[in-house]
Amino acid sequence: MAANEHKNLSSANRHNPKGFETATNDTILSKTVGTSATGTDGNLEWKGRSYMGVTNYKMQGYTTGATNYYYGEDVADTNSPYEMAVDYGTGTVSSGSISPTNFFRIGQACVIPETASVTSISGWLTSDGSNAVTIAICKITPVEGVITAVTPIVIDEISADGLSSDSKGVRINETTITTAALAAGDIIFPMIKEATAGSSIYMNLTIQTTTF
């Protein structure tokens, strides 16, 4: 083998990675997403160090199950942020909307500070009934100064059957995310419904995102 292979060169004789000279300080060499089925056709890209990492968003709440989706109480309510008692008016996220007056005040809502991607939804739920419970993790992209109602986008919907006991947890571990992309300023929040109304339902979830 040749003695002058790149791996045999001393540091002084090795060149910097492509784009190093023009990259700004405190950046890391990465690879863009690309479009191929194999996921290997991305390009080299220098990204700010602050964009690399994992963030976890905790969402915890309880409700008396209903066939419509319900979301968290207004922050001014004494049962906020945990009680989910605001009727969305439909059991299908795409069929309803929420006004800025309401979505800015959802007790469990989290504002995303940077461009990110949801990678997992993990946690537990309990129900004193045996009906199917569906949790929708949703996002809204507010527009400054706009007062019209917005239809949330479903990040992911997770369904599981209750175990007829507040003491029996049902594991939630979702890694196949329907709409993973988040923009800086997006508001994410949970909604919950039940196949047949009436059960006492508690949930405790963590939404994990990575920056890119």
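Here is a yes/no grid of residues against (1) in contact (Cβ under 8 Å) with a residue 12 or more places away in the chain; (2) crowded, with 20+ Cβ neighbours inside 10 Å; (3) not β-branched (Val, Ile, Thr):
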{"residue": "121", "(1), (2), (3)": "yes, yes, no"}
{"residue": "160", "(1), (2), (3)": "yes, no, yes"}
{"residue": "180", "(1), (2), (3)": "yes, no, yes"}
{"residue": "189", "(1), (2), (3)": "yes, yes, yes"}
{"residue": "207", "(1), (2), (3)": "yes, yes, no"}
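Of the numbered conditions (1) touching an Asp or Glu at 6+ places or on another chain (Cβ under 9 Å); (2) part of a helix (DSSP H, G or I), residue 94 satisfies every one except a single condition; which is it?
For residue 94, the exception is condition (1).
Quick check on the range 132-140. Is at least one of its residues over 24 Å from residue 74 (Cα atoms), assigned by TED's automatic domain parsing to the domain that holds residue 74 and at pLDDT 95 or above?
There is at least one residue in the range 132-140 that is over 24 Å from residue 74 (Cα atoms), assigned by TED's automatic domain parsing to the domain that holds residue 74 and at pLDDT 95 or above.
Just the residues that are more than 17 Å from the chain's Cα centre (by Cα) and within 27 Å of residue 209 (Cα to Cα), please, taken from the range 128-161. Walk me through it before giving the result.
Narrowing the range 128-161 to residues more than 17 Å from the chain's Cα centre (by Cα): 128-133, 143-150, 160-161.
Listed by number, the residues that qualify are 132, 133, 143, 144, 149, 150, 160, 161.
Which members of the range 185-201 meet the condition of being part of a strand (DSSP E or B) and within 19 Å of the chain's Cα centre (by Cα)? Working first, answer last.
First, the residues of the range 185-201 that are part of a strand (DSSP E or B): 187-194, 200-201.
Within the range 185-201, 187, 188, 189, 190, 191, 192, 193 qualify.
Read through the list (1) crowded, with 20+ Cβ neighbours inside 10 Å; (2) assigned to a strand (DSSP E or B), then give the number of the only condition that residue 129 fails.
For residue 129, the failing item is (2).
Can you find, within the range 29-54, the residue that is surrounded by the fewest Cβ atoms within 10 Å (Cβ to Cβ) among those that are over 21 Å from the mean Cα position of the chain (by Cα) and in contact (Cβ under 8 Å) with a residue 40 or more places away in the chain?
Step by step, filter the range 29-54, then rank; the result is 30.
Listed here are the residues, each with its yes/no results for (1) free of Cβ contacts under 8 Å to residues at least 60 places away in the same chain; (2) crowded, with 17+ Cβ neighbours inside 10 Å; (3) in a loop (DSSP other than H, G, I, E, B).
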position	(1), (2), (3)
56	no, no, no
67	no, no, yes
76	yes, no, yes
81	yes, yes, yes
89	yes, no, yes
101	yes, no, no
108	no, yes, yes
113	no, no, yes
117	no, no, no
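The values are calculated or read from the model by the stated rules, or taken from the named source; none is laboratory data. Note that the coordinates shown come from a computational prediction; the quantities given were computed from them, not determined experimentally. Note that we place each Cβ from the backbone using ideal geometry, even for glycine, and neighbour counts take in every protein chain shown.
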